[in-house]
Structures are given as structure tokens and as C-alpha cells.
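One structure is given below, encoded as C-alpha cells.
The values are calculated or read from the model by the stated rules, or taken from the named source; none is laboratory data. As the structure is a prediction and not an experimental result, all values here were calculated from the model. Quick reminder, even Gly has a Cβ in these numbers, built from the backbone with ideal geometry, and neighbours come from all protein chains shown.
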Amino acid sequence: MATDPIAGEITSACVDSHGSAIGMPQLCAEWIPNQVFWLVITLVVIFFVLSRIALPRIASVLAERQGTITNDIAAAEELKRQAADAEAAYDKALADARAEAQAIGQQTREDIKAKLEEATREADAQIAAKTAESEAAIAEIRASALANVEIVAKDTAEAIVAALGGKTDQAAISTAVDNRMKG
Amino acid sequence: MATEATQGAEMAGHGAEHAAETGGLVFHPMDQFIVKPLFGDGAVGMFTITNVTLWMAIAILVIVALMVLGTSRRAVVPSRSQSVAELAYGFIHKMVEDVTGKEGLVYFPYIMTLFMFIVVANFLGLIPMSFTTTSHFAVTVVLALCVFLGVTILGFVKNGPSFLSMFWVTSAPLALRPVLAIIEIISYFVRPVSHSIRLAGNVMAGHAVIKVFAGFAGLAIISPLSIVAITAIYGLEVMVAFVQAYVFTILTCVYLKDALHPHH
């Protein structure tokens, strides 16, 4: 603090004529009542300000914050639980869908296999029928061809006999041709 | 002039020789503690408005600004000032609860009042040109006597005559107990003395040392060193300002604990 020498103006036993302290100002008896008085006033004011306004307010703010934190933690727990439930449900749905898909696949495979077997059987039957039919046709054709050959042979033999000047005996020629063809 | 400077320096316990040697330098380390009327130059009576009044009023305003205005928004997510107020509240509340137990929390507002006044007055005293109210024994003795008387009365009200068993150390051998009782009683009555002088002494010494160093700044050669020293001491004083408020408060809690639970 700046020392402004106010010569002889301060009327105190603890301050000299230059305004400087004589000894320790802390031990100056004449200032003590003043300090005690204002200190008591100050402490009373601070006490009432703190105990009536400030401390209850801070206590309520802290309690409110604690409550908010507790609630938020509880809400977070709840949301976490819900998320876990949702995940479990999703997993279950996924597993179900996979099993169903597998079942459908299996079913489809079996159906196709059955149809295929049936178709194969049908085709086999058709092929067998066609084969039999063809064999019959071939036999018929072969038989008719032999008959034609016989006729041609008999006609040819008759013509040859006639050409050679012999008498054409129908029956004899036919027998002879038959015998030849058998031989 | 020189004798006064020497006298003042001796009181501060520092720089006495330097003051006597250099002579030309002006040391008034104790002038900062003079109580003077704010208006006029009359004598300081009991109800005179003095610099004590001014700086105590500023302390009240700071406390109101911090603890009442700072918390007026009651925000769940606190602003800076509300954080500081909550920090101070939590610090002292926890201290009272830890030292005295749950039943000591009834006295929390009283202890909070002491702490807030001391810590704010100490820090206000660190403002250059300010007046430090807590550097006066008159102030700290009143604070300590409030604690001493309050705790003693509370001890007798809560425990009756068995409060005196605090002085009768039953864990010691019987022959030693009367001796220990005398020592305990002396130490009990020394409490307010040490309690008050520790605070005022620390604050006063630091401020006086700063003034002594500031006095050396008058010499051009020494002044850079002097400024560095002032800065360093100021840093120390910032710590002392808080630590002494803390010490005063925690000792109050310890004394309160003795009153609530006198049986060791």
C-alpha cells in the first residue's frame, strides 16, 4: 500500500506523524473493537446467505444431478436390454428362415427327383412300346418281302421254263421254287 | 525515519539488517496493515467505516456472486462459476463428513461460513493495494474463539460432564493419567491461540516479505532480482492463501469431532 505521509493528521497511537505504522498494526488495541464488530457483521451475513440461499440450492442441484444420472443409467440399462432382446429376436428369425429355406429346398429336390423318375419311367415305357411296334413292322415287312420274292421267283421260273420251251406246270414250278427257297 | 523502517522490518522478521545498512531505502512493510477510516481522518471507533469494513464487504459480495449468483441457473450441466461453487461445497461437505461423521453435517453451514470467509479474504488480500482482513489477530482470534467456545459448549451439551473424560486418557497407565490430564488441558486451551496465530501469522508474514522485496526495488541494480523474488513469493502466497483456509477449516472439523466423540 502506498505510504502517503499525512503529517500529524491521523490521531492514533499506532500511527506516527508520517502515517507509518508504529510497531505491529496487528497489536494496536484501539483498532480491535472496529475489526471485531465488522467481522461479526460479515460472518452473520455470510452465514445467512449461505445457509438460507446458497447451500440448499447447491444441495438440491447436486441431488437433482445425482437423480438425473441415476435415471439416465437406468434408461440406458433398459435400452440395452431392449437391444439385446431385439438382437435375440432377429437371430431367432434368421435361424427360422434358414431352416425353412432348407426345408423348402429339400422338398423341392425330392419333388424334382420324383418327377424325374416318373418321366424316366414313362419315357422307358414309350421307348419299349415303340420298339415293339417297330419290331412288328419290321417282321411284317420281312414277311411281305419274302412273299414278294417267292412270287417273283415263281414268275421268273415260269417265264424261264416257258422260254426254254417247256410246259408250264404251275404247281410243279411252285413246289420246285418253294423247295429251292427252303433249301 | 530509519528507525521506524528498522522497527517495521524487524517485526516482519526479514530484511532488518538490509534496512539498517542501506538506510536510503524506505521500508514500510507493516503500513499495509494499518486500519484507517474510509471517510475523514478521525479516530477509529467501534462502528467507524474503515478499510476493514470495505474489504469485508467486498468479501461478502464475492461470496454472494460465487455462491448465489453463480448457481442461480441451477443447471444440471454447470457453468464455470457454478462448478466452482459446487466444488467448494463438495470439498467442505466431504471434509466435514469424513472427519466428524454424519452427525457433524448439522454444523456444515457454520464451517462453510468460516472457510468461505477465510479463503475469499485471503485471496482478496493478494490483490495489490488491498487490505488483508485475515492478517489481523483481532479477526483470526475472533474466528478461533468462535470455534473454541462453540466446540466446548457443544461438547458439554452433547456429552454432559463426561466431556471431561477427553482429558482422562484411560489407555495410559493410571500413574501417568494425572500428568497427561494436565498436558491435555493445556493443549486444549492452547488450541485457539495456535489456531488463530497460524492463520494471521502466515498471511501477515507473506505480505510483509513481499513489501520488503518491493522496498529493495528502489535500487536499480537489485530491482530485477527483487521483482523475480516478489513474483516467486506471490506464487507461494497464492498457495498459502488456500492452504491456510484449508488448515483452519480442517482443524475446526477435528475440534468438532472431539466435541461429538470425546472418548478417543
State whether one or more residues within the range B:146-164 are within 12 Å of chain A (Cβ to nearest Cβ) and buried (at least 19 other Cβ atoms within 10 Å of the Cβ). yes
Can we say B:Ser226 is in a helix (DSSP H, G or I), farther than 21 Å from B:Leu25 by Cα and polar (S, T, N, Q)? no
Which numbered condition trips up B:Thr48, out of (1) modelled with pLDDT of 85 or more; (2) assigned to a loop (DSSP other than H, G, I, E, B); (3) more than 24 Å from the chain's Cα centre (by Cα)? (3)
Give the number of residues within the range A:163-174 that are exposed (fewer than 12 other Cβ atoms within 10 Å of the Cβ) and part of a helix (DSSP H, G or I). 3
Just checking, how many residues over the range B:52-77 are assigned to a helix (DSSP H, G or I) and in contact with a helix residue (DSSP H, G or I) (Cβ under 9 Å, 6 or more places away or on another chain)? 16
Every listed condition ((1) within 30 Å of A:Gly67 (Cα to Cα); (2) more than 9 Å from chain A (Cβ to nearest Cβ)) holds for B:Ile58 save (1)
Given the condition farther than 30 Å from B:Gly40 by Cβ and part of a helix (DSSP H, G or I), answer yes or no: does some residue in the range A:18-37 qualify? no
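Residue-by-condition table, conditions (1) of a type in the set (Gly, Ala, Ser); (2) loosely packed, with under 10 Cβ neighbours inside 10 Å; (3) more than 14 Å from chain B (Cβ to nearest Cβ):
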residue	(1), (2), (3)
A:Ile69	no, no, no
A:Ala76	yes, no, yes
A:Leu79	no, no, yes
A:Ala89	yes, no, yes
A:Ala99	yes, no, yes
Kindly indicate whether any position in the range B:150-159 is touching a residue at least 40 places away in the same chain (Cβ under 8 Å) and among the basic types (Lys, Arg). yes
Only one of B:Ile118, B:Ile127 is under 15 Å from B:Ala59 (Cα atoms), among the β-branched types (Val, Ile, Thr) and modelled with pLDDT of 95 or more. Can you tell me which? B:Ile118
With the requirement that a residue be surrounded by fewer than 17 Cβ atoms within 10 Å (Cβ to Cβ) and among the basic types (Lys, Arg), what does the range A:39-57 give you? A:Arg52
So, in the range A:17-38, of the ones that are among the aliphatic types (A, V, I, L, M) and more than 7 Å from chain B (Cβ to nearest Cβ), which residue ends up surrounded by the most Cβ atoms within 10 Å (Cβ to Cβ)? A:Ile22
Is it true that B:Phe39 is surrounded by 24 or more Cβ atoms within 10 Å (Cβ to Cβ) and of a type in the set (Phe, Trp, Tyr)? no
Only one of B:Ala121, B:Ala75, B:Ala65 is buried (at least 21 other Cβ atoms within 10 Å of the Cβ) and among the small types (Gly, Ala, Ser). Can you tell me which? B:Ala121
Name the pairs whose Cβ atoms lie under 8 Å apart, with the first residue in the range A:56-80 and among the hydroxyl-bearing types (Ser, Thr, Tyr), the second in a helix (DSSP H, G or I), and 6 or more positions between them or separate chains? none
Cβ pairs under 7 Å, 6+ apart, first in the range B:71-96 and under 11 Å from A:Leu62 (Cα atoms) and more than 8 Å from chain A (Cβ to nearest Cβ), second of a type outside the set (S, T, N, Q) and surrounded by 14 or more Cβ atoms within 10 Å (Cβ to Cβ): none
Just checking, does the range B:108-116 include any residue being more than 18 Å from A:Glu64 (Cα to Cα), crowded, with 23+ Cβ neighbours inside 10 Å and of a type in the set (Val, Ile, Thr)? yes
If I go through the range B:206-236 residue by residue, how many of them are surrounded by fewer than 21 Cβ atoms within 10 Å (Cβ to Cβ) and within 11 Å of another protein chain (Cβ to nearest Cβ)? 1
